[in-house]
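I have placed the structure first, in the form of structure tokens, so that the comments after it can refer back to it.
Here, each number is a calculation from the coordinates, and none is a lab measurement. Predicted model, so just to flag it, every value in this text is computed and none were measured. Cβ placement follows ideal geometry from the backbone for every residue including glycine, while neighbour counts extend to all protein chains displayed.
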Amino acid sequence: MIRPSFAALLLLALAFVTVGSASERERETDDRGVLLAIARAPLKTRSWHNPYAGQPDAILAGKKLFAQHCAECHGPHARGIGRAVNLHLSAVQNATPGELEWFLRNGNLWRGMPSWSGLPEQRRWQLVAYLKSFR
Amino acid sequence: MLLLAVGDSVHASTLQPARALRICLGLLYLLCAALAAPRELAAQETPYFVTYSHHLEEPGNLEIELNSVYGVQHAGNDYIAPWVEFEYGAKAWWTTEFYLDWQGTFNDSALFTGFRWENRFRPLMREHWINPVLYVEYENTTAADKTMIEVVGFDNQADYAVPNSQAQMDHQHELETKLILSSDYKGWNISENFIAEKNLGHDPWEFGYAVGASRPLRLAATSDYCNFCRENFLLGGEVYGGLGTSWNFTRTGTSQYAAPVVAWQLPSGVTFRVSPGFGLNSNSHPFILRWSVSYEIDRFAHRVRSLFR
């Protein structure tokens, strides 16, 4: 019973790494993918107002959240790693706060961007405040 | 610790205080090492032990989780059943997880009880009011398994009174499926799971359920890095139990539990969870205590590949 169990464990560990390598290649969305994904946000999101817009404390909180949740893919300065999108691009910066919040909540699962709906809405708005502070 | 426990599976031995102390010290060492790690990483997790939400592991990340449950038996011979989880985000819509289970029963023995491999898939690519997740798991365990990761059918606390030497002879190959429904609303997560489990050798389908709700103590983040901020704590509760079998779909004669849950997420990527559970009828354990320590490794696959460059 034990030996087959640990053979299975080794096989699964290999599978994890193999699948991981494949997902690593595909996980990061390219700029075009992000543009298309943001464009899918419903029209009503364009009028959504960020309750934390321009608040220094919220921007600092957003920076902390970015370091905890986003920097591993987008890099510590949000310039992108590999194919992970550079968040300083005008395409991202020109999106409305509402579109960005919608995109954070929904993610782009098929292209590797996770959904951040597990973060409370307030924290997503703080992240948006930080992203908008790049301008 | 792993080797020690594997050894237990081959030569089941009496659970001794010295061995339990060594295991605890090992866990403490791991914990201190994790706390001291200068990292900034936090997963978006719910604090439940039994209930699943629609939040999957971030792609490429590996979470290692050490869990344990202490169960009180009506007729004595309480037990501790630890298990280790390796949770990997294969895709943003697919999380795969591997479990290794052990148990130690007082006045009996300690032994390895098997493994599980689960997969969770999000069929819908966008957020909705209710988000479904499909769950499929294969279990290769023995009847001595006491981790109680789910409660199904007519699971009864008296089943756990069977001596380990006898229970470990009963090998179980099971397929477990779940329909996970989960919603986020104003900082709350509300999740409902419907469980259907089948022993592949015999027996009818067994059913169970789990329902949970949780919320962070503070919704907005503070600008400071802190371990004890309210935003790092999640509180909630879960209720779970059996629903009989395909031959007799009922709550009568099943075991039922209610358990508050608390999670403490540190900025270093370590999460602690604890949950005292209470049996709601005479078929249930009167009291169970679950706890866990987890650590998330970001970009795991990338790190592994870089070792071979």
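Ellipsoid semi-axes for segment B:82-158, based on the Cα gyration tensor and the rule √(5λ), read 31, 15, 9 Å when sorted largest first. Here the scattering of chain B is modelled by Debye summation over its C-alpha atoms, one equal scatterer each and no solvent; at q = 0.07, 0.10, 0.15 Å⁻¹ the log10 of I(q)/I(0) is -0.27, -0.56, -1.34. Loop-resident trypsin sites (Lys or Arg not before Pro) (DSSP state other than H, G, I, E or B) in segment B:141-234 with no more than 11 further Cβ atoms inside 10 Å of their Cβ: B:Lys186.
By other beta-carbon atoms within 10 Å, ranking A:Leu119, A:Leu109 with the fewest at the front produces A:Leu109, A:Leu119.
The spread of Cα positions in segment B:124-183, taken along each principal axis and listed from longest to shortest, comes to 49, 20, 15 Å.
The residues packed around B:Gln166, meaning those with a beta-carbon under 13 Å from its beta-carbon, carry a net charge of -3 if Lys and Arg are +1 and Asp and Glu are -1.
Listed by Cβ neighbour count within 10 Å, with the fewest neighbours leading, A:Met113, B:Met148, B:Met125 appear as B:Met125, B:Met148, A:Met113. Principal axis analysis of the Cα atoms in segment B:43-198 yields extents of 51, 28, 27 Å, listed in decreasing size. Each eigenvalue of the Cα gyration tensor of segment A:50-135, multiplied by 5 and square-rooted, gives one semi-axis; in descending order these are 18, 14, 13 Å.
Legend: residue pairs B:Lys91/B:Lys178; A:Lys132/B:Lys91; A:Lys44/B:Lys186; B:Lys146/B:Lys198, Cα-Cα distance threshold 23 Å; pairs beyond threshold, A:Lys132/B:Lys91. The alpha carbon convex hull volume per residue for segment B:199-309 rounds to 173 Å³. Scaled against the 2.2 N^0.38 Å expected of a compact globular protein of N residues, the Cα radius of gyration of segment B:237-296 reads 1.46.
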